[in-house]
Amino acid sequence: MAHHFRKIAIFGSIALVVSLFFIFLSLYFFLRGAFVVEKRPVTFGAVYMTMDNQYFEVLNSQIANLVEANGDILIARDGVDSQERQNEQILDLLSAGADFIFINPVDKSLCLGALSECERKKVPFLAVDSSIFDTKEFSMCVGTAEADNEMAGELIAQDLMQSLKKARLVVLYDKDIESTCTRLSSFLSALDEAKYPYEIVYSISATTLLHETMVESQKFLDLRIPFDALFAANDPSALGALAAIQNNNAFSNQLIYGIDGSPQAKTMVSQGFMKATAAQYPSAIARTAVNAAYKYLLTKEKCGDVKIPVRLLTKENIAETTLTGWQ
């Protein structure tokens, strides 16, 4: 009988311990749920001068991947080459509660009002593919993340001087886009410093879009002005000019240069229709911009002006990179 009561006591003790265990476990999860507050996703905004350029599509995709991998949100907008529209988009992002905005301006001189509103609402912003913002003038400007545009122009100048003893040049850029002006300026400065003999026989200064460059290049070709090399401030304009040249059966070993490192331009370099493209690295620019944004949100530390090196891709080294994607 005593042995029977001992067995009952043992089983009763085990049941009590198990019950207490589940009670404390339930209490633990109840209290944990009561005191742990879920992290609110950070809302990032991004405005670009245009999405009619594959480079900006890739840049935005890279930024989105990094932001979303952290559980946060990216709202991107296409400025369609209108600073007025882009200003409205910045104000809309502020009204939507954006915590941080990446800005690639259409026209640096016409976006000050929208930036002032960022200042008023204490929303930080960072320039991508542009170096127009002054961190001293705007306290909420974290800095810039861009390709080294001066380096791009200099690399092309060096290749041109090694390839030709002198050159009649056609130059393509957009006078309203800071990066293209910087690329052309550094290209010409490098030629001047080396006392290289060149002449600019034609200039297209109002567009870098492929289809518009084709139209403008046709006007130049109709004049039948001979030229030895063509400097284009980005790949779409180089490809647009090349298409017009080929459509007119006017290609005769002229040296065609672009800047971006797009898959289409790299293919033309590999086939010998373009001499070179100075490759940007949108993945590195995106990573720099996003890291700078998160660091500022956590520490209020600004990154300043960060320039990402470029690489000149020619027929001699094009096999070292992929032709089907970006760097």
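The residue of region 121-141 that is modelled with the highest pLDDT, among those that are crowded, with 18+ Cβ neighbours inside 10 Å and touching a Cys at 6+ places or on another chain (Cβ under 6 Å), is Phe125.
Give just the number: which of (1) under 18 Å from Ala244 (Cα atoms); (2) in a helix (DSSP H, G or I); (3) of a type in the set (S, T, N, Q); (4) touching a strand residue (DSSP E or B) at 6+ places or on another chain (Cβ under 8 Å) does Thr180 not satisfy? Only one criterion is unmet by Thr180, namely (1). Answer yes or no: is there a residue in region 287-306 that is within 27 Å of Met161 (Cβ to Cβ), aliphatic (A, V, I, L, M) and open to solvent by less than 70 Å² (accessible area, probe 1.4 Å). No, region 287-306 has no match at all. Looking across Tyr281, Tyr296, one residue alone is in contact (Cβ under 8 Å) with a residue 40 or more places away in the chain and over 20 Å from Ser179 (Cβ atoms). It is Tyr296. Taking region 214-240 as the range and being more than 22 Å from the chain's Cα centre (by Cα) and over 15 Å from Arg168 (Cβ atoms) as the test, the residues that pass are Met214, Val215, Glu216, Ser217, Gln218, Lys219, Asp222.
For every residue, the table says whether it meets (1) open to solvent by less than 40 Å² (accessible area, probe 1.4 Å); (2) outside any helix (DSSP H, G or I); (3) of a type outside the set (A, V, I, L, M, F, W, C).
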position: Leu66; (1), (2), (3): no, no, no
position: Arg77; (1), (2), (3): no, yes, yes
position: Val80; (1), (2), (3): no, yes, no
position: Leu91; (1), (2), (3): no, no, no
position: Gly97; (1), (2), (3): yes, yes, yes
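Output the residue which, of all residues in region 307-318 that are in contact (Cβ under 8 Å) with a residue 40 or more places away in the chain and open to solvent by 40 Å² or more (accessible area, probe 1.4 Å), is farthest from Gly153 (Cα to Cα). Filtering first and then ranking leaves Lys315. Exactly one residue out of Ala145, Ala152 is under 30 Å from Tyr294 (Cβ atoms), touching a residue at least 60 places away in the same chain (Cβ under 8 Å), open to solvent by less than 10 Å² (accessible area, probe 1.4 Å) and in a helix (DSSP H, G or I), and it is Ala152.
Output the number of residues of region 155-167 satisfying the condition of being surrounded by fewer than 19 Cβ atoms within 10 Å (Cβ to Cβ) and within 21 Å of Leu239 (Cβ to Cβ). Total satisfying the criteria: 2. Selection of region 172-196 for residues being more than 24 Å from Gln83 (Cβ to Cβ) and either aliphatic (A, V, I, L, M) or open to solvent by 40 Å² or more (accessible area, probe 1.4 Å) (or both) yields Leu188, Ser189, Ala190, Leu191, Asp192, Glu193, Ala194, Lys195.
Among the candidates Pro236, Pro226, the residue that is under 27 Å from Val80 (Cβ atoms), touching a residue at least 40 places away in the same chain (Cβ under 8 Å) and out of contact with any strand residue (DSSP E or B) (no Cβ under 6 Å at 6 or more places or on another chain) is uniquely Pro236. Counted as qualifying within region 206-272 are the helices (runs of 4 or more DSSP H) with 2 or more residues that are more than 24 Å from Asp148 (Cα to Cα) and open to solvent by 10 Å² or more (accessible area, probe 1.4 Å), namely 210-222, 235-247. Within this structure, Leu239 passes the test of being at pLDDT 95 or above and among the aliphatic types (A, V, I, L, M).
The values are calculated or read from the model by the stated rules, or taken from the named source; none is laboratory data. Keep in mind that what you see is a predicted model, and the values were worked out from it rather than measured. In this analysis, Cβ positions are derived from the backbone assuming ideal geometry, glycine residues included, and neighbour counts consider all displayed protein chains. The area values use the complete protein model at the heavy-atom level, side chains included, leaving out ligands, DNA and RNA. Shrake-Rupley method; radii C 1.70, N 1.55, O 1.52, S 1.80 Å.
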